[in-house]
Structure formats: C-alpha cells, structure tokens
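This report concerns only the one structure given below.
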Amino acid sequence: MVMDLNKCIGCQTCTIACKRLWTRDEGMDYQWWNTVNTMPGRGTPRDWEQMGGGFQDGKARPGKLPSRRDFGEAWEFNHEEVFHGGKGDSVHLQVKGEEPDWGPNWDEDQGAGEYPNAYYFYLPRICNHCTHPACLEACPRKAIEKRQEDGVVLINEDRCRGYRFCMEACPYKKIYFNHAEKVSQKCIFCFPRIEQGVANACARQCPGRVRFVGYRDDEEGPIWKLVDKWKAALPLHPEYGTDPNVFYVPPLAPPRFDEKGDVDESKPRIPDEYLVSLFGPKVLDVLALMKSEMAKTRAGEKSELMDLLIAYRWKDMFGGFDRDPATIEWVKS
Ligand code: SF4
Ligand code: SF4
C-alpha cells in the first residue's frame, strides 16, 4: 500500500471502516487496527517510537510491551443518563469510571512549531505486512505466517497462546492483545476482500484518495510506479529493519513567514530533520522531486507522477483490486 500524506485530511473514515468490519467482537473494543495520528505527536500507542523492537544490524532489538493504557481504553460513557435520564441540560456526556489520560487520537491537531509557523500532518498507520516481520521471528509457537501468495502477514489464533512476544518485537506496535480470547490480533490487510479482488476497506472508503493498493511487482499498477519507478514513496522508519510494505509520499507544507510576516522560502516549515527522522535521508530527494514535478505542471507540462498522485480515476488507485464488494455474496463462517 502507498499512502499520500499530502492528501490525508485526518477524517478517520479509514479507522471507522476498519473498526466496523473487523474489530467489533468481545475483547476488541480497544483495538484500532488502523490509526491516524497527528504528527509530530506521541502516537498510538503512546510513545511507540521509543518502545524498541525490530532489528539492528540484522539482530533482533529488544522491545517493550505496550500496555492497554498506552493504547487507550475503550471508554464507556454515561449515554443512558444523558439521553434517557430525564435530567435535561444538567448533565453532559462524560466518561464513566477512571479518568482517561490517553487514547488513539489524543493529541489531535496539536503538532509543533510556533505561530505563525506551526505545522502538523496526519499519519495513517496499519500493520506494514513487512517482508522481514519481527513479529513472526519472535513467535515461539510459529503462529504467525507471511503468506506466499500475497505477502499478507497473519496470526493463526488457533496456534497463538497469548505470550505477546510479537507485541514486544513489532517496532511499529501494531499488534493488540485480546484479553477476552487471550490471543494477539492485528490488521489482516482485509485478506478476504483481497482474495476477491476488492481493495481494503480503509482504502476504498478514503474520501481523500490517499491510499493506493496493489502488488509491488505489477509494473502496470500504482505501487511499482510510485515506489520503484518514481521513488516517490518511502517506508516509515526504515531503520527498524523489517522492510515494511506500506510506503508514504512525504508531506510538503506551506512556506514559513519571517518576523515581518513576509514569506520566507529559506527553510521549510516542517524541519527536514524531522522528516528524515521518520522516513530516512531519501525523503529530501522525494521532496525535491515533488517540487520539480509540481513546477512542471504549473508550466503546462505533463507529469506522470502528479497525474498518478492526483488519481483522476478512483479505480486506478487499486491496482486491479477494484471489484465492487456489492457484487459478491459474502458467506459468514
Ligand atoms: S508491522 Fe509489526 S505486526 Fe506488522 S508485519 Fe511488521 S513487525 Fe509484524
Ligand atoms: S480516510 Fe483517508 S483522508 Fe480520512 S483519515 Fe483515513 S487516510 Fe486520511
């Protein structure tokens, strides 16, 4: 998958599409396989980038087990009292029980920088279905498989014994523990849809046309063109050593203003160092490429890269996975 961060509006439609489809059973209420966080920010789970995991120089790097509180609990609200309690304006919606101190989108729109040069952008995340999955290597039960046919990384819940070594090992902290079922669970890349030629729910529902789907080696598809041909999309934290298969087109930003309020093009609004810390040094080449391709289109020339990113035809984003799910008779097992 490729996600264009210049088009994400942080609406969470992807998050809800995933939630409705996959994480409504018991024990899954605090699970958000798809998250969208404001960056710079502490993310979901809180401070996940400091929790370790993955590989360093080919060797497994120790990782921390994120707690349920780090992810954020599924809070219960006093709906009954507000809507049916007959108390009128004297009550308002409040969390029942312990006061929460973190949640999946807690620091929304806070970002960084000082007025008038504040900045932020949204970072949607799913399991990266890595080529070298740290979760798979860490599982002593061999309960995690990377499928030969499509590269999807899946947890076999019949084999899982809930040891949670996978949660410690995943440097992206994209695995949840189901306390009711006592198994680890995570994004399944909508494999039952993919098998039927239907794009992932998060991608199909995205109103921003942010998400491209397809096989990396399909030279007619958008992933190969964006990642390999144009080299315009990069993995998040490549230094974690898992070879992620979700790639990001990095965010451009409006220009800065100087003390007099004039446009100051001498340095970018989003500091280069910050983007390099997320996507590695190649991010600077991608930003330069995007700017030069944008300049071409402004001068009336054609740019295949800009055309791809604009995604004039919605279905072209899905690399052949463009079947309408309404045409399928889904069988619930
Ligand atoms: S992102 Fe984490 S859970 Fe997903 S395949 Fe990679 S290591 Fe495993
Ligand atoms: S649905 Fe699309 S635009 Fe909305 S938050 Fe998700 S990726 Fe961003």
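Quick one: putting +1 on the C-beta of Lys and Arg, -1 on the C-beta of Asp and Glu, what dipole do you get for the stretch 1-154 around its Cα centre, in Debye to the nearest 20?
Here the size comes out at about 660 debye.
Per DSSP H run of n ≥ 4, the term is -39500 (n - 2.57); total these for the chain, divide by its residue number, and report the mean residue ellipticity at 222 nm rounded to 500 deg cm²/dmol.
-5500 deg cm²/dmol
May I have the convex hull volume per residue, in Å³, for the Cα set of the stretch 207-322?
Given the Cα convex hull of the stretch 207-322, per-residue volume reads 130 Å³.
Roughly how many nanometres apart are two label points built 7 Å out from the Cα toward the Cβ at R159 and E81?
In this crude spin-label approximation the distance works out to 4.8 nm.
Counting Lys and Arg as +1 and Asp and Glu as -1, what is the net charge of the other residues whose Cβ lies under 10 Å from the Cβ of L136?
0
Skip the ligands, DNA and RNA, and give the accessible area per residue of the stretch 31-187 with a 1.4 Å probe, whole Å².
52
Compute the semi-axes of the equivalent ellipsoid of the chain, taking the square root of 5 times each eigenvalue of the Cα gyration tensor, and list them largest first in whole Å.
Ellipsoid semi-axes (Å, largest first): 32, 27, 22.
Of the chymotrypsin sites (Phe, Trp or Tyr not before Pro) in the stretch 266-333, which ones lie in a loop per DSSP and count no more than 11 other C-beta atoms within 10 Å?
Passing sites in the stretch 266-333 are Y312, W330.
Set the Förster radius R0 to 25 Å, insert the Cβ-Cβ distance between I9 and T131 as r into 1/(1 + (r/R0)^6), and round the FRET efficiency to 0.05.
It comes to 0.25.
Quick one: work out the % antiparallel among DSSP beta bridges in the chain, nearest 5.
Taking every DSSP beta bridge with both residues in the chain, the antiparallel ones total about 90 percent.
Taking Rh as the Kirkwood radius, which is the inverse of the mean 1/r over Cα pairs, what is the Rg/Rh value for the stretch 217-276?
1.15
Starting from the 7 Å offset along Cα-to-Cβ, what nm value, one decimal, do you get for the label separation of D316 and K64?
For the pair D316/K64, the computed spacing is 4.5 nm.
For the chain, with all protein chains present and a 1.4 Å probe, just round the carbon and sulfur fraction of the accessible area to a whole percent.
50
Over the stretch 97-138, with a single point scatterer placed on each C-alpha, what log10 of the ratio I(q)/I(0) does the Debye formula yield at q = 0.23, 0.24 1/Å?
So the normalised log intensities work out to -0.86, -0.88.
Taking the Cα centre of the stretch 175-333 as origin, work out the dipole magnitude from +1 charges on Lys and Arg Cβ and -1 charges on Asp and Glu Cβ, in debye rounded to 20.
Dipole size: approximately 420 debye.
Please give the contour-minus-distance gain from Q56 to K291: 0.36 nm per residue of separation, less the Cα-Cα distance, rounded to one decimal in nm.
So the extension gain works out to 81.3 nm.
Counting residues in the stretch 68-113 as N, plug N into 2.2 N^0.38 Å and put the Cα Rg over that result.
Normalised Rg, Cα atoms only: 1.51.
Below 25 Å, Cα to Cα, which lysines can K267 reach? Residues fewer than 8 away in the same chain don't count.
K7, K231, K282, K291, K296
Can you put H79, H92 in order of accessible area, largest first, using a 1.4 Å probe?
Ranking H79, H92 by accessible area, largest first, yields H92, H79.
What whole-number distance in Å separates the alpha-carbon centres of the stretch 1-68 and the stretch 294-313?
Each part's Cα centre sits 31 Å from the other's.
For the stretch 132-183, what is the convex hull volume of its Cα atoms per residue in Å³?
So the per-residue hull volume is 78 Å³.
Using a Gaussian network model on the chain with a 10 Å cutoff between Cα atoms, which of Q148, Q110, Q196 fluctuates the most?
Result for the chain, Cα springs under 10 Å: Q148 fluctuates most.
Please list, in chain and number order, the residues 5+ apart from I144 or on another chain whose amide H is under 5 Å from its amide H, with Hs placed from the backbone.
N156
Count the lysine pairs in the stretch 60-192 whose Cα atoms lie under 14 Å apart, taking only pairs 8 or more positions apart in sequence or on different chains.
Count of close lysine pairs: 5.
Identify, among N128, Q148, I175, the residue whose Cα sits farthest towards the positive end of the charge dipole of the chain, taking +1 on the Cβ of Lys and Arg and -1 on the Cβ of Asp and Glu, with the dipole about the Cα centre.
Of N128, Q148, I175, it is Q148.
In nm, what is the difference between 0.36 nm times the number of residues separating Y215 and A299 and their Cα-Cα distance?
Extra length from Y215 to A299 when fully extended: 26.9 nm.
For a quick check: with amide H placed at 1.01 Å from N, whose amide H comes under 5 Å from V183's, ignoring anything fewer than 5 positions away on the same chain?
Amide H to amide H, under 5 Å and 5 or more residues apart or across chains, V183 pairs with N178.
Compute log10 of I(q)/I(0) for the stretch 259-312 with the Debye formula, placing one identical point scatterer on every Cα and leaving out solvent, at q = 0.12, 0.15, 0.31 Å⁻¹, to two decimals.
So the normalised log intensities work out to -0.40, -0.59, -1.11.
Which ³J(HN,Hα) values, rounded to whole Hz and listed in residue order, are derived for the stretch 260-272 from phi using the Karplus coefficients 6.51, -1.76 and 1.60 in 6.51 cos²θ - 1.76 cosθ + 1.60 with θ = phi - 60°, glycine and proline given as x?
Taking θ as phi minus 60°, the curve returns 7, x, 8, 4, 10, 8, 5, 9, x, 5, 7, x, 3 Hz for the stretch 260-272.
Relative contact order of the stretch 243-322: what whole-number percent is it, with Cα pairs under 8 angstrom and at least 6 residues apart?
18
If you plug each phi of the stretch 152-157 into the Karplus form 6.51 cos²θ - 1.76 cosθ + 1.60 with θ = phi - 60°, what whole-Hz ³J(HN,Hα) values come out, in order, with x for Gly and Pro?
Calculated HN-Hα couplings, in order: 5, 9, 10, 9, 8, 5 Hz.
Give me a comma-separated list of calculated 3J(HN,Hα) values for the stretch 73-85, in order, Karplus coefficients 6.51, -1.76, 1.60 applied at θ = phi - 60°, integers in Hz, x for any Gly or Pro.
In residue order, the calculated couplings are 6, 7, 6, 9, 10, 7, 3, 4, 5, 6, 8, 10, x Hz.
Return the long-range amide H neighbours of D264 (sequence gap of 5 or more, or a different chain), with a cut-off of under 5 Å between placed amide H atoms.
Here R256, F257, D258 satisfy the definition.
Can you give me the distance in nm between label points at D47 and A118, each placed 7 Å from the Cα along the Cα-to-Cβ direction?
Each label point is offset 7 Å from its Cα along the Cβ direction, giving 2.4 nm.
Assuming 1.002 mPa s and 20 °C, estimate D for the stretch 20-179 with Stokes-Einstein, Rh taken as the Kirkwood radius over Cα pairs, in µm²/s.
After rounding, the answer is 119 µm²/s.
The values are calculated or read from the model by the stated rules, or taken from the named source; none is laboratory data. Computed from a predicted model, the values in this text were never measured in an experiment. All Cβ positions, even for glycine, are placed from backbone atoms using ideal geometry, and neighbour counts span all protein chains on display. The area values use the complete protein model at the heavy-atom level, side chains included, leaving out ligands, DNA and RNA. Shrake-Rupley method; radii C 1.70, N 1.55, O 1.52, S 1.80 Å.
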